[in-house]
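Asks: Sharing a structure with you now.
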Amino acid sequence: RMRMQNKFRLMFVVAILGTLFFVNLVAAEKILHLKLDSSIPKTDEILKASPKKIVLEFSQRPELSIAKIDIQDGKLGKVMRSEEDETILWAAIEESLPAGKHTVKWVTSSSDGHPVRGEFSFAVSVRR
């Protein structure tokens, strides 16, 4: 009977330690790696008109000095940081985008200098 209790205690301690390890691993991943959390326009969004700007929100503060945002079939202004939220970068679209699918490509880095890049697409619908 005592052996069984010790076995259950050991299993309980191992389960608790495993859970703590996993929680810390997830927290460390969020702290260590910058990632794109959201964008305006959203991935695969279909818009009725050309957006005025591209907005990228990251999981942590991106480095503005190396940040680039490009869009197929369009011209963007200088990449800027939001004054309200330092995790947000944006760039104005200088000329309205034509109807069709558009791909946004971006690159930046986190404070550790590790480059991070990605892309997403959205569409501007044909006006009728």
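The values are calculated or read from the model by the stated rules, or taken from the named source; none is laboratory data. All of these numbers come straight from a predicted model, not from anything done at the bench. So basically every Cβ, Gly included, is an ideal-geometry build from the backbone, and we count neighbours across all protein chains shown. We work out accessible area using only protein heavy atoms, side chains counted, and drop any ligands, DNA or RNA first. Shrake-Rupley method; radii C 1.70, N 1.55, O 1.52, S 1.80 Å.
Asks: Give the stretch 72-92 a look and list any residue that's modelled with pLDDT of 95 or more, farther than 16 Å from HIS33 by Cα, assigned to a strand (DSSP E or B) and out of contact with any Gly (no Cβ under 6 Å at 6 or more places or on another chain), or say none.
Replies: MET80, ARG81, LEU89, TRP90 - these are the residues of the stretch 72-92 that are modelled with pLDDT of 95 or more, farther than 16 Å from HIS33 by Cα, assigned to a strand (DSSP E or B) and out of contact with any Gly (no Cβ under 6 Å at 6 or more places or on another chain).
Asks: Modelled with pLDDT of 95 or more and under 16 Å from the mean Cα position of the chain (by Cα) - does that describe any residue in the stretch 16-32? Steps first, answer last, please.
Replies: Going residue by residue through the stretch 16-32, those that are modelled with pLDDT of 95 or more are none.
The answer is no, given that none of the residues of the stretch 16-32 is modelled with pLDDT of 95 or more and under 16 Å from the mean Cα position of the chain (by Cα).
Asks: Give the number of residues within the stretch 93-127 that are open to solvent by less than 100 Å² (accessible area, probe 1.4 Å) and assigned to a strand (DSSP E or B).
Replies: Total satisfying the criteria: 17.
Asks: Identify all residues within the stretch 53-69 that are more than 16 Å from the chain's Cα centre (by Cα) and at pLDDT 95 or above; write none if there are none.
Replies: Passing the criteria: only LYS53.
Asks: Would it be correct to say that SER50 is open to solvent by 20 Å² or more (accessible area, probe 1.4 Å) and either modelled with pLDDT of 90 or more or of a type outside the set (Ser, Thr, Tyr) (or both)? Give the steps one after another, and end with the answer.
Replies: On the way: open to solvent by 20 Å² or more (accessible area, probe 1.4 Å): yes; either modelled with pLDDT of 90 or more or of a type outside the set (Ser, Thr, Tyr) (or both): yes.
Spelling it out, SER50 is indeed open to solvent by 20 Å² or more (accessible area, probe 1.4 Å) and either modelled with pLDDT of 90 or more or of a type outside the set (Ser, Thr, Tyr) (or both).
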